[in-house]
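Asks: Could you have a look at this structure, given as structure tokens, before my questions?
The values are calculated or read from the model by the stated rules, or taken from the named source; none is laboratory data. It should be emphasised that the depicted structure is a prediction, and the values quoted were computed from it without experimental measurement. Heads up, the Cβs are rebuilt from the backbone with ideal geometry, glycines too, and the neighbour counts pull from every protein chain shown. Side chains are part of the model used for accessible areas, which takes the heavy atoms of the whole protein and leaves out ligands, DNA and RNA. Shrake-Rupley method; radii C 1.70, N 1.55, O 1.52, S 1.80 Å.
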Amino acid sequence: MRLVQYKDTAGAQHVAVVEDAHTLVPLLGFSSTRELAEIAIGKGITMIEAAKDRMGPDRISYDEVAKDGRLLPPVTHDDPAHFLVTGTGLTHLGSASARANMHTSDNKAADETDSMKMFRMGVEGGKPKAGEQGVQPEWFYKGDGSIVANPGADMPSPSFALDGSEEPEIAAIYVIDGDGTPVRIGFAIGNEFSDHVTERQNYLYLAHSKLRACSMGPELLLGDLPSHVEGTSRLYRDGKVIWEKPFLSGEDNMSHTLANLEYHHFKYDLFCRPGDVHAHFFGTATLSFADGVTTQDGDEFEIEAEPFGRPIRNRLKVQPERKVVVKTI
């Protein structure tokens, strides 16, 4: 089962089950996937069971909702500060080569980079035995819920950015229950948009390069993530595809288990605050930047994978410069 969040023509928010590629079934009695998760947690049932209990009789056009720009990210929070967006890198088999190339100087072999070392650590210790903790992955913070672009909306890139490029990834979505326990409610395809030129200047700039917008959805996949996921990432310019490449994800194609990545995120008490929402990106091995593509204002990103239904598509929009003023009192 897959869910979407959307707004009706009056601006009210709703949740619906995706019946097919063109039809949505609105759910009754709540307005967000977070609220549905709270209902499921309170009753001790799954998200799928909770959604089935609240399916209404009406059907609406998925195409019309998308055309009107009324689709929302698959999870939201009334207070964006309580929606944390984070991720991991170098988690996929084959992901090291592109990253290593970005951080290799003329006098430093690729196999000596910190990226390659981190990747090898994951290959050797990212899939521990049951009950054991594996090696911790690279980790980054992207921002709060305010940086998540709606499906079909512009992907803002700040004026000071040196690059703005896609990263096709799967994000897991979590709600922290009243006892401080992370509860995974589903998965979404996403674009973990980043500034790779800034990152390439120095690996210590990785934190800066990740403080950018992102997008995910529009559909929330309920239940387990397939162990093998195949998708396609595309870049459009003036309506034409200028770059296209398949990507793989799921545990079969990763150097870490999802459980290991989850442990090393939620081991911090800070991330177990009751009521918070988390979207945690699991990394990628496919980048147009790694193939020498330089994006331009107005380019469109499209990322799709069959288990996640409708593709996520966003247009790159460079933001005007904002003067930074700091007051002293």
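Asks: Please determine, by comparing only the residues of the stretch 1-13 that are within 15 Å of LYS52 (Cα to Cα) and open to solvent by 10 Å² or more (accessible area, probe 1.4 Å), which one is farthest from the chain's Cα centre (by Cα).
Replies: Taking the stretch 1-13 and keeping what is within 15 Å of LYS52 (Cα to Cα), we get 1-4.
Right, trim to open to solvent by 10 Å² or more (accessible area, probe 1.4 Å) and you get 1-2.
Numbers: MET1: 19, ARG2: 16 Å.
By that ranking, first place goes to MET1.
Asks: If you don't mind, another one. Quick check on my filter: what residues within the stretch 125-136 are at pLDDT 85 or above and open to solvent by 20 Å² or more (accessible area, probe 1.4 Å)?
Replies: So in the stretch 125-136, the residues at pLDDT 85 or above come out as 126-136.
The answer is LYS127, PRO128, LYS129, ALA130, GLY131, GLU132, GLN133, VAL135, GLN136.
Asks: What is the residue count in the stretch 41-57 for residues that are in contact with a strand residue (DSSP E or B) (Cβ under 8 Å, 6 or more places away or on another chain), surrounded by fewer than 17 Cβ atoms within 10 Å (Cβ to Cβ) and among the β-branched types (Val, Ile, Thr)?
Replies: Qualifying residue count, the stretch 41-57: 0.
Asks: Residues GLY217, GLY178: which one is in contact with a Gly (Cβ under 9 Å, 6 or more places away or on another chain) and open to solvent by 20 Å² or more (accessible area, probe 1.4 Å)? Even if it seems obvious, please write down each step before you answer.
Replies: Details: GLY217 fails: open to solvent by 20 Å² or more (accessible area, probe 1.4 Å).
GLY178 is the lone residue from the list that is in contact with a Gly (Cβ under 9 Å, 6 or more places away or on another chain) and open to solvent by 20 Å² or more (accessible area, probe 1.4 Å).
Asks: I need the full set of residues from the stretch 14-40 which are outside any loop (DSSP other than H, G, I, E, B), out of contact with any strand residue (DSSP E or B) (no Cβ under 8 Å at 6 or more places or on another chain) and farther than 21 Å from GLY180 by Cβ, in order please.
Replies: Once the filter is applied, which keeps residues that are outside any loop (DSSP other than H, G, I, E, B), out of contact with any strand residue (DSSP E or B) (no Cβ under 8 Å at 6 or more places or on another chain) and farther than 21 Å from GLY180 by Cβ, the stretch 14-40 yields only ASP20.
Asks: So LYS43 ticks every box in (1) of a type outside the set (A, V, I, L, M); (2) modelled with pLDDT of 95 or more; (3) farther than 22 Å from ASP177 by Cα but one. Which box is left unticked?
Replies: All conditions are met except number (3).
Asks: Of the residues ILE147, ILE242, ILE170, which single one is open to solvent by less than 20 Å² (accessible area, probe 1.4 Å) and either free of Cβ contacts under 8 Å to residues at least 24 places away in the same chain or among the hydrophobic types (A, V, I, L, M, F, W, C) (or both)? I'd like the intermediate steps shown before the answer.
Replies: Working: ILE147 fails: open to solvent by less than 20 Å² (accessible area, probe 1.4 Å); ILE242 fails: open to solvent by less than 20 Å² (accessible area, probe 1.4 Å).
Only one candidate passes the filter, namely ILE170.
Asks: Of the numbered conditions (1) modelled with pLDDT under 95; (2) assigned to a loop (DSSP other than H, G, I, E, B), LYS327 fails exactly one; give the number of that condition.
Replies: If we test LYS327 against (1) modelled with pLDDT under 95; (2) assigned to a loop (DSSP other than H, G, I, E, B), just (1) comes out false.
Asks: Go through the stretch 58-76 and give me each residue that's surrounded by fewer than 18 Cβ atoms within 10 Å (Cβ to Cβ) and assigned to a loop (DSSP other than H, G, I, E, B).
Replies: ASP58, ARG59, ASP68, GLY69
Asks: Of all residues in the stretch 306-329, count the ones that are free of Cβ contacts under 8 Å to residues at least 40 places away in the same chain and on the phi > 0 side of the Ramachandran plot.
Replies: Adding up the residues that qualify gives 0.
Asks: Among the numbered conditions (1) open to solvent by 10 Å² or more (accessible area, probe 1.4 Å); (2) in contact with a strand residue (DSSP E or B) (Cβ under 8 Å, 6 or more places away or on another chain); (3) under 23 Å from PHE289 (Cβ atoms); (4) not polar (S, T, N, Q), tell me where ARG184 comes up short.
Replies: (3)
Asks: For the stretch 254-299, give me each residue that is among the polar types (S, T, N, Q), farther than 30 Å from ARG34 by Cβ and open to solvent by less than 10 Å² (accessible area, probe 1.4 Å). Walk me through how you get there before you give the answer.
Replies: As a first pass, look at the stretch 254-299 and keep what is among the polar types (S, T, N, Q): 255, 257, 260, 284, 286, 288, 294-296.
Okay, now just the ones that are also farther than 30 Å from ARG34 by Cβ, so 255, 286, 288, 294-296.
Selection gives SER255, SER288.
Asks: Which numbered condition trips up ARG313, out of (1) open to solvent by 60 Å² or more (accessible area, probe 1.4 Å); (2) under 30 Å from GLN133 (Cβ atoms); (3) among the charged types (D, E, K, R)?
Replies: Of (1) open to solvent by 60 Å² or more (accessible area, probe 1.4 Å); (2) under 30 Å from GLN133 (Cβ atoms); (3) among the charged types (D, E, K, R), only one is false for ARG313: (2).
Asks: Using the structure shown, decide if PHE160 is of a type in the set (Phe, Trp, Tyr), open to solvent by less than 20 Å² (accessible area, probe 1.4 Å) and at pLDDT 95 or above. Spell out how you get there, then give the answer.
Replies: Numbers: of a type in the set (Phe, Trp, Tyr): yes; open to solvent by less than 20 Å² (accessible area, probe 1.4 Å): no; at pLDDT 95 or above: yes.
Against the criterion (of a type in the set (Phe, Trp, Tyr), open to solvent by less than 20 Å² (accessible area, probe 1.4 Å) and at pLDDT 95 or above), PHE160 does not qualify.
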